[in-house]
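Since the structure comes first, as structure tokens, the remarks are kept for the end.
The values are calculated or read from the model by the stated rules, or taken from the named source; none is laboratory data. Computed from a predicted structure; not experimentally measured. Counting neighbours? That spans all protein chains shown, and the Cβs are built from the backbone with ideal geometry, glycine included. Note: accessible area is taken over every heavy atom of the protein model, side chains too, but ligands, DNA and RNA are not part of it. Shrake-Rupley method; radii C 1.70, N 1.55, O 1.52, S 1.80 Å.
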Amino acid sequence: MDEQRAQPPHDTNKIVEERRAKLKALREAGIAFPNDFTREHFAADLAGKYGALAREALDADPANVKVAGRIMLKRVMGKASFATIRDMSGSLQLFISDGDAGKEAHEAFKHYDIGDIVSASGALFKTRTGELTVRVKELRLLTKSLRPLPEKFHGLTDQELRYRQRYVDLIMNEDTRVTFALRSRVIQSLREFLAMHRYLEVETPMMHPIPGGAAARPFVTHHNALDVDLYLRIAPELYLKRLVVGGFEQVFEINRNFRNEGISTKHNPEFTMLEFYCAYRDYRYLMAFIHDMLRHVAQGVLGTTRITYQGREIDFAQPYARLTIAQAVRKYHPEYTDARLNDRKFLVTRFKELGIAYRPEDGVGGLQLTLFENTTEQLLFEPTYILDYPAEVSPLARRSDRNPEIAERFELYIAGREIANGFSELNDPEDQAARFLAQVKQKEAGDAEAMHYDADYIRALEYGLPPAAGAGIGIDRLVMLFTDSPSIRDVILFPQLRPEHD
């Protein structure tokens with residue numbers, strides 16, 4: 001009978017006390033935490049190699065194995081016992097008996113607890129029910145678990161506790177392990193795709209003398225030896241474009257960024273981005289490239305370009321819609337005619353009616369963007385490129401030759417949230433300097449997210465940045481889509497939480 005089913009709920013403090021007593025006995029007997037065992041086999045590999053063999057074939061030519069893992073199930077039955085251990089690849093059953101392992105080892109096993117980590121050596125066989133099992137010849141306790149795991153059939157269900165104690169969540173929940181294994185494969189697939197297209201992976205600083213590359217409130221730290229304040233990176237953009245100036249014409253970085261902003265199902269103060277830059281390309285190239293990239297990743301990681309997110313289908317292979325900000329607003333809110341969208345007085349009045357915060361200094365383009373963000377972006381479920389952002393809110397993007405009031409910029413929306421942002425890069429140093437100065441004025445007026453003036457970046461542009469395009473893709477939000485996760489905390493191993501209180 002499963003030990004976890006048989007036992008009624010216990011007081012955790014009492015269980016910990018009992019296990020500490022067992023650990024004390026182990027210390028008195030010798031080395032309590034041995035580190036001289038080398039694992040030679042993984043559960044999944046053994047299942048793949050021997051799982052399809054008939055019992056008779058395995059009995060005729062038994063395979064000797066050395067495995068290790070955490071005890072997840074335990075059944076004691078007189079002179080013989082069973083246990084299920086799990087390693088990083090999967091689960092495997094152990095058979096421990098007086099005759100094979102010896103009475104002393106078997107008796108010791110009877111006092112092991114669910115959660116203990118053990119090593120086992122022996123020969124593989126199959127039970128009458130066909131389960132691949134190790135007939136244990138040698139069994140050792142490698143790590144004594146002092147805290148009890150949650151009950152098998154209830155698991156770790158408290159959502160905040162799962163985020164706070166991710167280590168327990170990973171032990172108990174298969175879905176969590178699958179999510180983070182898939183996250184790793186997504187990142188690897190992105191790397192492979194970029195490498196195939198001659199992009200060079202680089203690393204840029206995480207501590208900046210001037211925060212730049214995005215509009216965000218930074219975290220501030222202090223370097224004691226230099227006696228200067230530094231800012232945790234809000235974006236790597238300006239450093240990556242310095243590398244394009246230097247001749248690395250196609251670069252990318254999978255980077256950790258830090259923004260001192262609110263926490264929500266879509267935001268975490270520490271998050272992961274892919275940013276990439278390519279010389280002699282523009283934002284139209286980026287839109288096609290990102291489409292191909294996401295299709296490649298979906299097919300490679302999931303085996304299909306069609307996924308289901310929160311009950312609705314998304315196809316990464318189909319052409320992505322392309323709408324301007326005004327077109328998107330009109331599509332979902334026909335009452336906003338062209339005349340109204342270009343009437344500043346109307347927009348301001350409407351914001352006041354709806355209780356929408358806006359920046360009084362914004363022009364019509366900026367107000368249209370505010371209207372879009374508050375009324376429309378959450379409705380863009382199918383992959384959609386939103387185009388023609390106002391130049392006034394795009395201080396690093398190239399102005400459009402056909403209309404200098406807008407930038408050659410897009411954002412990709414999927415499932416109602418921004419997934420990517422890209423644009424043709426501004427490589428005119430005088431225009432960039434003027435835009436930095438405009439940002440400084442906004443900061444002086446109280447905009448905490450406005451950019452600083454980066455004199456060294458202007459100097460780099462004065463050496464000559466070739467025509468280029470660059471984009472950023474939110475890794476966390478992309479993994480949310482691929483794993484059907486409703487919250488960004490579900491795809492970050494250790495999300496930021498309020499301090500724990502006793």
Next item on the list: Could you tell me how many degrees, from 0 to 90 and to the nearest 10, lie between the Cα long axis of helix 12-29 and the main elongation axis, the longest principal axis, of the Cα atoms of the chain?
Entry: 60 degrees
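With +1 on each Lys and Arg Cβ and -1 on each Asp and Glu Cβ, and nothing else charged, work out how big the dipole of region 1-159 is about its Cα centre, in Debye to the nearest 20.
Numbers: 26 positive and 23 negative charges, 37 e Å.
In debye, rounded to 20, region 1-159 gives about 180.
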Item checked: Over 29 Å between alpha carbons, listed pairs LYS66/LYS110; LYS14/LYS74; LYS241/LYS345; LYS331/LYS443 -> LYS241/LYS345; LYS331/LYS443
Note to self: Placing one identical point scatterer on every Cα of region 44-180 and ignoring solvent, what is log10 I(q)/I(0) from the Debye formula at q = 0.16 Å⁻¹?
What the structure shows: -0.86
Checklist line | Estimated FRET transfer efficiency when R0 is 60 angstrom, pair LYS49-LYS24 (beta carbons, to 0.05) | finding: 0.90
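In deg cm²/dmol and to the nearest 500, what is the mean residue ellipticity at 222 nm of the chain if only DSSP H runs of at least 4 residues count, each as -39500 (n - 2.57), divided by the residue total?
One gets -10500 deg cm²/dmol as the mean residue ellipticity at 222 nm.
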Margin query: List residues of region 250-278, by number, whose backbone nitrogen lies under 19 Å from a label position 7 Å along Cα→C-beta of SER487.
Written below: 261-272
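Keeping every protein chain present and rolling a 1.4 Å probe, give me the accessible area per residue for region 395-502 in Å². Walk me through the numbers on the way to the answer.
Details: 4760 Å² over 108 residues.
Accessible area per residue: 44 Å².
According to the Cα gyration tensor, what semi-axes, each the square root of 5 times an eigenvalue, does the equivalent ellipsoid of the chain have, listed from largest to smallest in whole Å? Display every interim value, and only then the final one.
Details: eigenvalues 610, 118, 111 Å².
Sorted largest first and rounded, they come to 55, 24, 24 Å.
Can you tally the net charge around ARG477? Count Lys and Arg as +1, Asp and Glu as -1, for every other residue whose Cβ sits under 10 Å from the Cβ of ARG477.
On the way: positive: LYS266, ARG417; negative: GLU418, ASP476.
Summing Lys/Arg as +1 and Asp/Glu as -1 gives 0.
Considering only protein heavy atoms, what per residue accessible area in square angstrom results for region 82-233 with a 1.4 angstrom probe? Could the numbers behind the result be given before it?
Numbers: 7790 Å² over 152 residues.
Here the per-residue accessible area is 51 Å².
Of LYS24/LYS49; LYS24/LYS126; LYS103/LYS144, which pairs sit farther than 32 Å apart, going by alpha carbon to alpha carbon? Walk me through the numbers on the way to the answer.
Values: LYS24/LYS49 40 Å; LYS24/LYS126 37 Å; LYS103/LYS144 21 Å.
In this structure, LYS24/LYS49; LYS24/LYS126 exceed 32 Å between Cα atoms.
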Note to self: Could you work out the pair-distance distribution P(r) of region 205-337 from its alpha-carbon pairs, with 5 angstrom bin width and percents rounded to whole numbers?
What the structure shows: 2, 8, 12, 13, 15, 18, 15, 9, 5, 2, 1, 0
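Accessible area of the chain with a 1.4 Å probe: how many percent of it is carbon plus sulfur? If you can, show how the numbers build up before the last one.
Details: 12570 of 25210 Å².
Reported share for carbon and sulfur atoms: 50 percent.
Kindly state, as a whole number, the per residue volume in cubic angstrom of the convex hull around the alpha carbon atoms of region 99-228.
Values: hull volume 36.6 nm³, N = 130.
Taking only Cα atoms, region 99-228 has a hull volume of 281 Å³ per residue.
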Next item on the list: At a 1.4 Å probe radius, which order do MET172, MET480 fall into by accessible area, largest first?
Entry: MET172, MET480
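Counting only heavy atoms of the protein chains, get the accessible area per residue of region 304-392 (1.4 Å probe) and round it to a whole Å² value.
Values: 4420 Å² over 89 residues.
About 50 Å² of surface per residue is accessible.
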Check: What is region 1-107 by shape, rounded, prolate or oblate, if you read a ≥ b ≥ c off the alpha carbon gyration tensor as root eigenvalues and call it rounded for a/c under 1.5, prolate for a/b larger than b/c, and oblate otherwise?
Finding: prolate
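For a protection proxy built on the mean count of beta-carbon atoms within 10 angstrom, sort 430-440, 197-207 highest first, please.
Working: 430-440: 16.3, 197-207: 13.4.
Result, highest mean first: 430-440, 197-207.
Could you list the trypsin sites (Lys or Arg not before Pro) in region 38-83 that lie in coil according to DSSP, counting only those with at most 16 other Cβ atoms within 10 Å of their Cβ? Intermediate results must be reported in sequence, preceding the final value.
Values: sites: ARG39, LYS49, ARG55, LYS66, ARG70, LYS74, ARG75, LYS79; in loops: ARG39, LYS79.
Sites meeting the loop and neighbour criteria: ARG39, LYS79.
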Item checked: Ranked by how many other beta carbons lie within 10 Å on average, peptides 179-186, 160-167 from highest -> 179-186, 160-167
